[in-house]
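The values are calculated or read from the model by the stated rules, or taken from the named source; none is laboratory data. It should be emphasised that the depicted structure is a prediction, and the values quoted were computed from it without experimental measurement. For neighbour counting, all protein chains shown are included, and Cβ atoms are generated from backbone atoms with ideal geometry for every residue, glycine included.
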Amino acid sequence: MTLRITAQSGESFDILKVSGEIDYSNCELFSERAEEILAMGRGVIADLRDVAYLDSHTVGRLLHIRETAVKNEEPFVIVPGPLVEEILEMAGLIHLFTIHGSIEEAVGRMEP
């Protein structure tokens, strides 16, 4: 399964919908896109509900995106699917991220 990333713009944030498998060979596509958005002064909602595979390198990239968001004082929110949520929990990292159960919930928290 290949990686697919689509973007949708909100008022002060972008939603990056990611589906497929994210690993060392392609996670830079996602992280660079998220960091570009944060650098423009916009928040990011990462819709990871349709991610079928996620490796440890990608978890590291998620942490890097989070650090960039904190530095830029912009929100970085994850809407995980069961796989992503389980991996973040097993790694003991889920508490470091802002997690929402749905896109609607995340958007509601991001809109002024």
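Looking only at region 34-61, residues that are surrounded by 14 or more Cβ atoms within 10 Å (Cβ to Cβ) and under 13 Å from residue 76 (Cβ atoms) come to 12 in all. Annotation note: Cβ proximity below 8 Å between a residue of region 2-21 that is without any contact (Cβ under 8 Å) to a residue 12 or more places away in the chain and in a strand (DSSP E or B) and a residue that is surrounded by 14 or more Cβ atoms within 10 Å (Cβ to Cβ) and of a type in the set (Lys, Arg) (sequence gap 6+ or interchain) occurs for 6/17; 8/17. For region 13-33, taking the residues that are closer than 20 Å to residue 71 by Cα and over 11 Å from the mean Cα position of the chain (by Cα), the one that is surrounded by the most Cβ atoms within 10 Å (Cβ to Cβ) is identified as 13.
Residues in region 87-111 that are free of Cβ contacts under 8 Å to residues at least 24 places away in the same chain, surrounded by 15 or more Cβ atoms within 10 Å (Cβ to Cβ) and either part of a helix (DSSP H, G or I) or among the basic types (Lys, Arg) (or both): 94 alone. The numbered conditions (1) part of a helix (DSSP H, G or I); (2) in contact (Cβ under 8 Å) with a residue 40 or more places away in the chain are all true for residue 47 except (1). Just one residue in the set 59, 77, 84, 70 is β-branched (Val, Ile, Thr), in a strand (DSSP E or B) and at pLDDT 95 or above; that residue is 77.
Residue under question is residue 52, and the condition is that it be over 11 Å from the mean Cα position of the chain (by Cα), in a strand (DSSP E or B) and modelled with pLDDT of 95 or more; does it hold? For residue 52, the condition - over 11 Å from the mean Cα position of the chain (by Cα), in a strand (DSSP E or B) and modelled with pLDDT of 95 or more - is met. Annotation: of all residues in region 6-21 being closer than 18 Å to residue 77 by Cα and of a type in the set (Asp, Glu), the one that is modelled with the highest pLDDT is 14. Do you know which residues across region 70-99 are farther than 15 Å from residue 23 by Cα and either of a type in the set (Ser, Thr, Tyr) or under 11 Å from the mean Cα position of the chain (by Cα) (or both)? Matches in region 70-99: 75, 76, 77, 78, 79, 80, 97, 98, 99. Residue 24 satisfies every condition listed in (1) modelled with pLDDT under 95; (2) touching a strand residue (DSSP E or B) at 6+ places or on another chain (Cβ under 9 Å) except (2).
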